[in-house]
1. Working with all protein chains in place, sort E273, E121 by solvent-accessible area computed with a 1.4 Å probe, largest first.
2. Just for the chain, what percent of DSSP beta bridges are antiparallel, to the closest 5?
3. What value in Å³ per residue do you get for the convex hull of the alpha-carbon atoms in the chain?
4. Got a sec to turn the phi values of the stretch 225-236 into Karplus ³J(HN,Hα) couplings, 6.51 cos²θ - 1.76 cosθ + 1.60 with θ = phi - 60°, whole Hz, x for Gly and Pro?
5. What Kirkwood radius, in Å to one decimal, follows from the Cα pairs of the stretch 24-123?
6. Let's see if you can work this out: charge +1 on each Lys and Arg Cβ, -1 on each Asp and Glu Cβ, no other charges. What is the dipole magnitude of the stretch 294-357 about its Cα centre, in debye to the nearest 20?
7. Below 8 Å between Cα atoms, with a sequence gap of 6+, how large is the relative contact order for the stretch 171-316 in percent?
8. Applying 1/(1 + (r/R0)^6) with R0 = 22 Å to the Cβ-Cβ distance of R81 and A167, what FRET efficiency is obtained, to the nearest 0.05?
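The values are calculated or read from the model by the stated rules, or taken from the named source; none is laboratory data. The shown structure was predicted, so the numbers you read here are calculated from the model rather than taken from an experiment. Quick reminder, even Gly has a Cβ in these numbers, built from the backbone with ideal geometry, and neighbours come from all protein chains shown. Just so you know, the surface numbers come from the protein's heavy atoms only, side chains and all, with ligands and any DNA or RNA stripped out. Shrake-Rupley method; radii C 1.70, N 1.55, O 1.52, S 1.80 Å.
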Amino acid sequence: MRTCDVAIIGLGLMGSSALHALSGKGADVLGFDPLILGEARGSSHGSCRIYRRFNFESEAYTDLSDRAFEGWRRLESTSGRTILKPCAVLEAGPPGSKLVAGSRAAAARKGPITGPTTGAEINLAYPAFRLPNDWDVVVQDSGGILLAEDAIRAFRDGAEDHIVAAAARIQPTPTGIRVSTSTDDVMAKQVILAAGPWISSLVPGLAPHLKVTRQAVGWFMPAIPETVAYGAFPIFIIEGKRGMIYGFPDFEGRGVKAARHDHGPVAGADDWEPPATDQELEAVRLTLAELIPGAAGPVADRDICLYTNTLKADVIDDDGDEFIIDRLPTDPRIIVASPCSGHGAKFASAIGSMLADLVLDSRASAPPAFRLDRFSGFAPRASMDL
């Protein structure tokens with residue numbers, strides 16, 4: 001039977017980043033994933049994700065964002081690929097917006113905040129917008145467009161012989177973790193599980209703490225193309241009456257990519273069909289028409305993403321939608337590296353290094369906010385049938 005030091009199940013952004021980090025440290029590592037890169041499935045598919053240095057969700061993410069930024073720049077240097085395209089990030093909402101207040105607070109801890117602060121100022125700075133004059137606004141100049149598929153390719157450069165294009169399941173044994181595909185078995189000393197929406201099938205007991213949701217994404221042909229071109233238009237996140245809507249400048253020539261960040265309907269790990277419907281995209285279309293008319297227009301393309309979200313923790317004070325990056329309490333040879341609740345992609349370069357540390361250093365530990373023992377089913381002395 002073939003053996004390896006580390007097996008990684010799932011090679012999206014998190015798994016591929018861990019593969020890259022471990023390979024760079026000389027580890028004997030194998031990655032398993034049945035999906036072809038570029039296939040419209042999995043949590044990391046598609047061309048782009050948002051990179052934000054300052055995060056409204058938690059001030060604790062800023063240091064992680066900075067580590068990730070350094071990682072993305074190193075990956076660009078070693079791969080020769082463009083991974084992170086600089087782009088301002090505009091966040092806006094009605095007076096008192098929690099979104100804007102959270103990002104402002106995170107940014108203020110790193111230095112003075114400059115730039116537009118009201119809807120009226122944004123409308124002058126970016127002609128595509130028509131925000132209410134009294135809306136709260138914050139603009140991050142240190143944001144960017146993370147080219148997700150290119151990042152995965154860069155992570156995998158030189159590691160092609162360490163990738164097995166197959167679905168895998170695991171079975172802990174006294175001598176190692178047996179990783180089985182339809183054609184072969186491998187015995188690994190340790191395993192990283194980075195399987196996105198499929199993670200609960202690999203970690204019994206995790207499913208009650210997760211919710212997978214269907215997220216509709218559209219590309220809208222802009223009414224005034226020059227106002228939404230890359231360099232003239234920011235990434236945007238708007239907290240409006242139809243929910244939280246985010247979008248990108250037209251940097252690919254296929255329109256303005258926009259979607260709701262609020263959780264969609266509950267879905268299964270393989271529920272990728274049907275394509276996003278007009279009804280699912282209606283809130284986005286109406287928001288663009290009302291607040292960003294330069295970006296509004298017919299839907300040119302559409303897609304479905306799946307968010308794998310954590311529910312509220314029941315051991316510590318946790319609002320949910322937090323990551324899980326931790327050793328399995330009942331078997332520390334197994335490291336859980338998922339889910340990322342729809343906002344983890346920007347941190348992937350840093351999380352890959354974190355996973356490598358957990359594998360290679362028994363003294364390394366996950367940040368408390370990411371640990372499994374925040375759920376009572378995984379707290380110390382909890383039993384789980386593997």
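1. Working: E273 135, E121 85 Å².
Largest accessible area first, the list is E273, E121.
2. Numbers: 50 of 72 bridges.
Just about 70 percent of them are antiparallel.
3. Value for the chain: 134 Å³ per residue.
4. x, 5, 7, 10, 6, 4, x, 10, 8, x, 4, 9
5. Values: mean 1/r = 0.0596 Å⁻¹.
Evaluated on the stretch 24-123, it is 16.8 Å.
6. Numbers: 5 positive and 11 negative charges, 55 e Å.
Using only the charged Cβ atoms, the result is roughly 260 debye.
7. On the way: 264 pairs, mean separation 44.7, N = 146.
The value is 31 percent.
8. Details: r = 28 Å, r/R0 = 1.26.
Result of the calculation: an efficiency of 0.20.
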